[in-house]
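Read the structure below first, then the notes.
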Amino acid sequence: MAVPSTDSSWFLPLDRELGRLIRDLDWSATALGPIDGWPPTLRHALAAMLRADAPMAIFQGPEGVFLYNDAYRAIAGVRHPEVLGRPIMQAWPELAEFNRNVLDVVLAGGTLAYRDQHVVLDRSGESEDAWLHLDFSPLVDTSGVAGGVLVVIKETTRRVEVEERLRIAQQAGGVGSFEWFPETGRLEVSEEYRRIWGLPAEGVVTDAMLGELLHPDDRHEAAPQRLDRANPLDYTEYRRIDPLTGEVRWIARRGEVIAHPGQARRRFIGIVMDITARKAAETELAAFAATLQERVAQRTAELLRTQDALRQSQKMEAIGNLTGGVAHDFNNLLQVISGNLQLLAEDVGGNERAERRVRHALAGVARGSKLASQLLSFGRRQPLAPKVVNIGRFIRNMDDLLRRTLGEAIEVETIVAGGLWNTLIDPGNVENALLNLAINARDAMDGQGRLTIEAGNAYLDAHYVSSLDDGEVTAGQYVLLAVTDTGHGIDATIVDKVFEPFFTTKPEGRGTGLGLSMVYGFVKQSGGHIKVYSEPGEGTTVKLYLPRTTQSEDIIVDIDAGPVTGGHETILVAEDDEAVRDTVVALLANLGYRVLKARDAQSALSIVDSGIPIDLLFTDVVMPGPLKSPELARKARERLPGLAVLFTSGYTENSIVHGGRLDEGVELLSKPYTRETLGRKLRQILAAQAQRDAADPATPSVATSTPPPAKALRILVVEDDWLVRTTVVEMLQLRGHDVREAGDGTRATALLDQEAADLVITDVGLPGISGIELAATLRQRFPDLAVIFATGHAGTAGLPDDERSVVLSKPYGSEALTRAVSRLFPAR
């Protein structure tokens, strides 16, 4: 609300906008009150401030009522004139804490000064960075009491931003700037100049100081020694020496002498650059030029190797595409033949001639299946199911099989180095690879000699890897599996061809030429390396380098052992090939299962949605239609959480296989398969699902659930199986506990570093450090820590037997877990 002008505003310059605004503002609504009551000190200061050309302001009184002059309008921005007369905390809320300190200090009689003070202001409708010079001094009355704060402001944002851009540009370009004053020897230098010269961030820089850092042979290039020239700063290069490390770096300097008309004084301004890398490149270039012919020859050889590697890669891709396309249809045909032959075998039981013919036909199917598998393996299209394996134990377990395969005339020696690392490989494929190498060795030794199998740790360094042609091998740690025979060896002219498909040195009829091709493809698909060493008459050594893993060894169960049993569960078969579908349905019915069938994924999902109880989904991987098999499995499990899933295919492409390996948790039965293989695989998967169901009881309802404890516990669950871990966490959270989770000992230790726990529930068989070792380590830091050890193995050695430990046998439910917790914390 405007009020009429009175004589009380005589001190206001009305030719200035702020003078008029201050005159017209209703000050009675502010802490200052009407103008005629303002103290003389404020009036005089305000009169001077309003006439000043520099930005100035006044914070008057304890609230800091805000007054400013015309020059300040640019700083206020869109907040002008609304902030006039407001308490400073309301005028600039984003600077409230800063201005509160100003009022406290200056109204107490102090002063404050800031240079290039960074602030964030909202003066244009959005926040922006600004830099200011600020000087705060008290406005004191005749009695010496400060009633207000006089503020002198200078915005330095543009200069600071320009200097920052210059600093960034110099840093990015590696250029430092300087100005030299010969009269005093002093230099004004930039931050990058100091970095290039290795100087401290602060302190005076002189030409004498720089001269001490120069290489003795280059000190004549320093500017003081060149003052007799027209331009002492013309381009030169010199070396500086780090006084602490002795490191020598090259510096280039270029400058100009600037003379101002009518002035005797000249300015010496220039730049420096670190050219150490360029000088090294020049030296390298000179050496390169000196050996150019040799390098051209080396580069040509490298180019030829690269071209060979490219041709090999293209060949592998072509073979992979060919075998992948053929394998799917071929294996489907073999599956129909195999399944019907097995069903026919039951119909002709007792007819010896017919049984013999069925056996011969099934043997032919097996040979066809092996051929397709070998082609897929060489083309790196074989789906791998890798496990963590200790090769030493693995080859010892194969000892009987190898001796039966090779015969008594061949001596088999196995050498396993101590401290052997684990490797992540497909056990079935490594067994086939070792058998192939052993059979090749047997044939090369004409049935008698010595076969040596060695396992040890190996390291392939960068130099060796760079010398290889394929470009696929990485330097690092590997587990070496070497097979050496005392056979006739391989001629050097053909040793590079031994991995090519269908290449063989054996007489016609004694080999397909796919054995080593399969080994090669398997090793490469596993991320490893293979090398053959051989000389005629000296035998052959084949070395497989398999990537090391630090994970704990997996327990490998041989599902091919034991009798074949059927079941009475309900299985849904999804298969687009009618002949294959009918054969599979017949095999499953023969095994005693109830069978539902669907011609594609969408039809299978409709059956799932119908509500019919289903125990297992048995689906082909490659089927036509918009809904793909992996998506079918996911949707089916959403509807039926306890559903087991088994995929089958003659060729998986990339739907459930990535990086050549089956996706985690995926079960695959490759076509063609026998009735026995199918039966065992089904029992394995159904049993595993039943075990998961037992460990994952249904969540209790609100009406029947156990009431929460009187006081919640802080519990850490350590379990590498995410399904078990998630279930246990939910059980505990339903009891009202504060639960955290970890998949291994390292993560568990890190969580306890952040926050202590009352109780740790740990699986005994963790990867890396075991649950027993983890508990011992944690109790060194937390002696009273309560621990529940969960284990699926009775009589596990090393478990603590004390009042702060409880052993819980897997599988367990919510009640067993609650009882275990109550034993350790009876009052809770």
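Any read-out appearing in this document is the output of simple, stated calculations on the displayed coordinates, not a laboratory observation. This structure is a prediction, so every number in the text was calculated from the model and none was measured. Don't worry about glycine lacking a Cβ; one is built from the backbone with ideal geometry, like all the others, and counts go over all protein chains shown.
If packing is taken as the average number of other Cβ atoms within 10 Å across a peptide's residues, how do 478-485, 124-131 rank, most packed first?
Highest mean packing first, the order is 478-485, 124-131.
Give me the net charge of Thr648's neighbourhood, meaning all other residues with Cβ under 13 Å from the Cβ of Thr648; Lys, Arg count +1, Asp, Glu -1.
Local net charge: -2.
Which Cα, out of Ala230, Ala208, Val162, lies furthest along the positive dipole direction of the range 162-284 (beta carbon charges, K/R +1, D/E -1)?
Of the candidates, Ala230 comes out farthest on the positive side.
Find, among the GluC sites (Glu not before Pro) in the range 203-248, those assigned to loop by DSSP (not H, G, I, E, B) with at most 14 other beta-carbon atoms within 10 angstrom.
Glu247
Do you know the relative contact order of the range 147-234, to the nearest whole percent, from alpha carbon pairs under 8 angstrom that are 6+ apart?
With pairs under 8 Å counted, the relative contact order is 17 percent.
Quick check on packing: order 541-549, 132-140, 622-630 by the mean number of other C-beta atoms within 10 Å, highest mean leading.
541-549, 132-140, 622-630
Could you grab the relative contact order for the range 396-493? Cα pairs under 8 Å, six or more apart, rounded to a whole percent.
With pairs under 8 Å counted, the relative contact order is 33 percent.
Over the range 7-155, what is the relative contact order in percent, taking alpha-carbon pairs closer than 8 angstrom and at least six residues apart?
After rounding, I find 21 percent.
Over all alpha-carbon pairs in the range 7-155, figure out the percentage whose distance exceeds 23 Å.
Looking at the range 7-155, the distances longer than 23 Å represent 30 percent of pairs.
If we count every other residue with Cβ under 14 angstrom of Tyr114's Cβ, Lys/Arg +1 and Asp/Glu -1, where does the sum land?
For residues surrounding Tyr114, the net value is -1.
In whole Hz and in residue order, list the ³J(HN,Hα) couplings for the range 450-457 that follow from phi through the Karplus curve 6.51 cos²θ - 1.76 cosθ + 1.60, θ = phi - 60°; x for Gly and Pro.
3J(HN,Hα) across the range 450-457, in whole Hz: 10, 10, 10, 10, 10, 10, x, 8.
What net charge is computed for the residues neighbouring Ala277, neighbours being all others with C-beta under 13 Å from the C-beta of Ala277, Lys and Arg scored +1, Asp and Glu -1?
Charge balance near Ala277 sits at 0.
For the pairs Lys387/Lys810; Lys387/Lys628; Lys531/Lys628; Lys543/Lys671; Lys628/Lys671, note any where the Cα-Cα span goes beyond 29 Å.
Among Lys387/Lys810; Lys387/Lys628; Lys531/Lys628; Lys543/Lys671; Lys628/Lys671, the Cα-Cα distance tops 29 Å for Lys531/Lys628; Lys543/Lys671.
How long are the semi-axes of the ellipsoid equivalent to the range 162-284, from square roots of 5 times the Cα gyration tensor eigenvalues, in whole Å, largest first?
After scaling each eigenvalue by five and taking roots: 23, 18, 15 Å.
Nearest 20 debye, what's the magnitude of the dipole of the range 7-155 about its Cα centre given +1 on Lys and Arg Cβ and -1 on Asp and Glu Cβ?
300
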